[in-house]
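Here is the structure we will look at, set down as C-alpha cells.
Nothing in this text is a laboratory measurement; each read-out follows from the coordinates by a stated rule. These figures come from a predicted structure and were not determined experimentally. We place every Cβ from the backbone using ideal geometry, glycine too, and count neighbours over all the protein chains shown.
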Amino acid sequence: MPHLTLLSTVRPIKVARRCRRSRGLLAMKAVVQRVKSASVHVDGQQISAIKEGLLCLIGVTAKDNANDCDYILRKILNTRIFQNPANDRPWDMNPLVCAQDGLSLPAFQALSEVMQKEFGVLLVSQFTLCGVMKGNKPDYHLAMPPTDARTFYADFVEMVKQKYAADRVHNGEFGAMMDVSLVNDGPVTLIFDSQSH
C-alpha cells in the first residue's frame with residue numbers, strides 16, 4: 001500500500017509547516033530601519049524626532065510576554081548595523097571580519113551598535129505588523145487588544161529607555177493616526193520576530 005506510506009510521510013511535514021507558520025504569526029515583531037533622520041507628527045504637530053539612529057516599528061500579539069520584549073530589545077540595541085570607521089565598511093555583520101582587521105570583539109561592537117554610537121532610537125507602535133491576509137483583506141485578530149497593548153507597549157518603551165538612555169529613546173503616540181517621516185540610510189531595513197531565535 002504505497003499510497004499509505006506517502007500519506008504518512010506528507011502529513012507530518014504539512015503539520016510541521018503549519019506549526020512554524022503559527023509560531024511566526026504569534027510573535028512580537030520589529031521593523032528596524034537605519035535612518036539619517038526620522039520624525040512623527042500627530043494632527044500636524046511634531047511629537048518626536050531623531051537625527052541619525054534607528055526607526056523601529058513595533059507590533060505585539062496577544063501571546064507576547066516579557067521574553068519577547070527582551071529579545072526584540074536586544075536586537076534593536078545590539079545589532080551591528082552602522083558604519084565602522086576603522087575600515088569604512090557600511091556595517092560589519094561578521095565577527096571574523098573584526099579579527100581580520102585586528103579588532104577585539106568589544107571594540108568591533110563599539111563601532112557599530114546604536115548605543116555605542118549614541119544615536120537616537122524612535123519607537124512607533126504598529127499593530128498592522130500582526131495582520132494576516134484573508135483573501136485581499138487584512139485581518140488583525142492576532143494583534144494584542146488595544147487596552148492590553150497600550151500597557152504592554154508602554155512597558156517595552158520603558159525597558160528600552162532603561163537599557164539605553166531615556167533622552168535618546170523617543171516614541172510615537174499609541175493608537176493615534178501618525179505621519180511618520182524618515183530618511184532611510186542605505187536603505188537598510190531589518191525585520192525581527194521574537195519566535196525566530
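Extension gain, Y140 to D155: 0.36 nm times the residue separation minus the Cα-Cα distance gives 3.2 nm.
A simple spin-label model places the labels of L190 and K163 1.2 nm from each other, with each point 7 Å out along Cα-to-Cβ. Taking 0.36 nm per residue of separation and subtracting the current Cα-Cα distance, fully stretching the chain between V132 and V183 would add 15.6 nm.
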